[in-house]
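Chemist: Have a look at this one before I ask anything.
The values are calculated or read from the model by the stated rules, or taken from the named source; none is laboratory data. Treat the numbers as computed from the prediction; the structure is a model and nothing was measured. Note: ideal-geometry Cβ built from the backbone for every residue, glycine included; neighbour counts use all protein chains shown. The area values use the complete protein model at the heavy-atom level, side chains included, leaving out ligands, DNA and RNA. Shrake-Rupley method; radii C 1.70, N 1.55, O 1.52, S 1.80 Å.
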Amino acid sequence: MIEPLDLSTFLTVRDLERAARPQLSPSTLGYFLSGADSQTTLRANRRAFRKWAIDYRILVDVGRIDTRTRLLGREVASPILVAPMAYHCLAHPEGELASSRGAAKSSTGYVTSTVATMPLERIATEFDAAKAVDAGPSAPRWFQLYVNKDRGITRSLIERADAAGYQALVVTVDVPIMGRRLRDVRNAFTLPPGMVAANLTDVAQGGKEAYHHAYATGRHDSSLTWRDIETFRTMTRMPILLKGVVRGDDALRAIDAGASGVVVSNHGGRQLDSAIASLDALPRVLEAVASRQSAGFEVIVDGGIRWGTDIFKALALGARAVMVGRPILWGLTLAGEAGVARVLQILRGELTSAMALAGCPDIASITRDMLVRA
Ligand SMILES: Cc1cc2nc3c(=O)[nH]c(=O)nc-3n(C[C@H](O)[C@H](O)[C@H](O)COP(=O)(O)O)c2cc1C
Ligand SMILES: CCCCC(=O)C(=O)O
């Protein structure tokens, strides 16, 4: 019998990554890890955090640390969300059912991907059932939208997400075409037999045609524009966030198009290689938004968050919250729901420690002056 994993021996996200990697096939590992082309942006996302140092404060009462904040008008337990990622069943047989439970039990927000390997309704049910029932704010769950050439399919996805009680629609806008990830090309990456993108059952699944390729080249809509965002706005009551914004002017257009926020992101370095690092893009997006005084407009950032201090830096620069991508997949690979919960526990624990050591007992006290150039 295999000894059950003692997750408490994993102290950092890196520990989980190191243990998870050998468990995955080369094709899946390549898909999870890869950035586009030379992977310059993938590296830049990490490097951007190292350019800042924390200018900590002393002799502040940090006997009680409070990580609560507000997101889209609701109180949340922490400023951390699970980023939308495709195909969780590649990491674990229970796929998104396990990852969503892991997030819910950790009181962490969760974003379901359009290309999930489980039906979005089941993910919603699983998340809600697993939510921590003790006092404290409950975690949000949002739906990420990829726009299909067949707008009937897109409309039906939005309606299903609405009906399933998702609280926001995250429209990903940095994938007009799929970035070229060299390992995926070389491995002819696709989904193994029997695994499907459970919410897009119209697309050729399995069989001869490689699913991933079939969707990316056949169904994904490269003609998406601002006008479509305005159309989606009229189709749902859910607030809309645009994910993949890096420019100030685009953030202003997002406000004009009726969006409730943006995710400053370059898709984890998987799309345009040599794109600006997401943390570097954050200040100018915030500056543009501030110039418009759009009260309540949310600015979230993702890309390269691996430590609690990374979250601290993103918040100090002005982000409302962060999304965490690949680390979730390492936890899911190693131990399903419990592994995801462990990743989130580590990150939240590190954030709490950083706040205590920096003299910031609550999120509001993590201000811009807490950072200096390293
Ligand atoms: C394997 C993988 C699959 C992804 N799938 C999606 C997706 O379906 N939709 C989406 O909007 N973003 C997707 N992303 C991008 C993430 O949401 C997020 O922007 C990125 O992973 C953040 O960077 P990090 O992995 O360095 O934390 C994916 C990223 C990875 C690594
Ligand atoms: C068509 C699936 C796209 C998934 C994705 O967003 C990614 O691999 O980065």
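Chemist: Within the stretch 19-38, identify whether any single residue is assigned to a helix (DSSP H, G or I), more than 16 Å from ligand 2 (Cβ to nearest atom) and touching a Ser or Thr at 6+ places or on another chain (Cβ under 7 Å), and answer yes or no. Walk me through it before giving the result.
Modeler: So the first thing to find is which residues in the stretch 19-38 are assigned to a helix (DSSP H, G or I), and the list is 19-23, 26-33.
Still in the list and also more than 16 Å from ligand 2 (Cβ to nearest atom): 19-23, 26.
From what is left, the residues that are touching a Ser or Thr at 6+ places or on another chain (Cβ under 7 Å) are 20, 23.
The answer is yes, given that some residue of the stretch 19-38 is assigned to a helix (DSSP H, G or I), more than 16 Å from ligand 2 (Cβ to nearest atom) and touching a Ser or Thr at 6+ places or on another chain (Cβ under 7 Å).
Chemist: Still on this structure, I have one more. Could you grab me the full set of residues in the stretch 357-374 that are under 20 Å from Val76 (Cβ atoms) and in a helix (DSSP H, G or I)?
Modeler: Of everything in the stretch 357-374, those that are under 20 Å from Val76 (Cβ atoms) and in a helix (DSSP H, G or I) turn out to be Ile363, Ala364, Ser365.
Chemist: Moving on to the next point. Working carefully through the options Gly165, Gly179, find the one that is crowded, with 18+ Cβ neighbours inside 10 Å and either within 16 Å of ligand 2 (Cβ to nearest atom) or modelled with pLDDT of 95 or more (or both).
Modeler: Just one listed residue meets the conditions, Gly179.
Chemist: Among the numbered conditions (1) among the small types (Gly, Ala, Ser); (2) within 29 Å of Ala338 (Cα to Cα); (3) over 20 Å from the mean Cα position of the chain (by Cα), tell me where Ala77 comes up short.
Modeler: Of everything listed in (1) among the small types (Gly, Ala, Ser); (2) within 29 Å of Ala338 (Cα to Cα); (3) over 20 Å from the mean Cα position of the chain (by Cα), Ala77 misses just condition (3).
Chemist: In contact with a Pro (Cβ under 9 Å, 6 or more places away or on another chain) and in contact (Cβ under 8 Å) with a residue 60 or more places away in the chain: does that describe Asp61?
Modeler: So Asp61 passes the test.
Chemist: Conditions: (1) open to solvent by less than 50 Å² (accessible area, probe 1.4 Å); (2) modelled with pLDDT of 95 or more; (3) more than 19 Å from the chain's Cα centre (by Cα); (4) within 26 Å of Thr41 (Cβ to Cβ). Phe232 meets all but one. Number of the miss?
Modeler: The number of the failed condition is (4).
Chemist: Would you confirm whether or not the stretch 345-352 contains a residue that is farther than 22 Å from Ala36 by Cα, open to solvent by less than 20 Å² (accessible area, probe 1.4 Å) and of a type in the set (Asp, Glu)?
Modeler: Within the stretch 345-352, not a single residue is farther than 22 Å from Ala36 by Cα, open to solvent by less than 20 Å² (accessible area, probe 1.4 Å) and of a type in the set (Asp, Glu).
Chemist: With the structure loaded, tell me whether Leu357 is in contact (Cβ under 8 Å) with a residue 40 or more places away in the chain and either out of contact with any strand residue (DSSP E or B) (no Cβ under 9 Å at 6 or more places or on another chain) or over 30 Å from Ala98 (Cα atoms) (or both) or whether it fails that test.
Modeler: Yes; evaluated as a whole, the condition is true for this residue.
Chemist: A further question follows. What are the residues in the stretch 73-108 that are over 14 Å from Thr333 (Cα atoms), part of a helix (DSSP H, G or I) and in contact (Cβ under 8 Å) with a residue 60 or more places away in the chain, if any?
Modeler: Across the stretch 73-108, the qualifying residues are Arg101, Ala103, Lys105.
Chemist: Could you list, in sequence order, the residues of the stretch 109-168 that are hydrophobic (A, V, I, L, M, F, W, C) and part of a strand (DSSP E or B)?
Modeler: Correct list: Val111, Trp142, Phe143, Leu145.
Chemist: Given the residues Thr67, Thr41, which is the only one that is within 16 Å of ligand 2 (Cβ to nearest atom) and either among the polar types (S, T, N, Q) or closer than 27 Å to Asn187 by Cβ (or both)?
Modeler: On inspection, the qualifying residue turns out to be Thr41.
Chemist: Can you tell me how many residues in the stretch 216-242 are in contact with a Gly (Cβ under 7 Å, 6 or more places away or on another chain) and either in a loop (DSSP other than H, G, I, E, B) or of a type in the set (Asp, Glu) (or both)?
Modeler: Number satisfying all stated conditions: 1.
Chemist: Tell me, which helices (runs of 4 or more DSSP H) wholly within the stretch 243-327 include 1 or more residues that are touching a His at 6+ places or on another chain (Cβ under 8 Å), touching a residue at least 60 places away in the same chain (Cβ under 8 Å) and within 26 Å of Gln345 (Cβ to Cβ)?
Modeler: Those helices (runs of 4 or more DSSP H) do not exist here; none qualify.
Chemist: Let me ask something else about it. Within 17 Å of the chain's Cα centre (by Cα) and among the basic types (Lys, Arg): does that describe Arg373?
Modeler: The answer is no for Arg373.
Chemist: Within the stretch 260-282, work out how many residues are open to solvent by 10 Å² or more (accessible area, probe 1.4 Å) and more than 16 Å from ligand 2 (Cβ to nearest atom).
Modeler: Within the stretch 260-282, residues that are open to solvent by 10 Å² or more (accessible area, probe 1.4 Å) and more than 16 Å from ligand 2 (Cβ to nearest atom) number 4.
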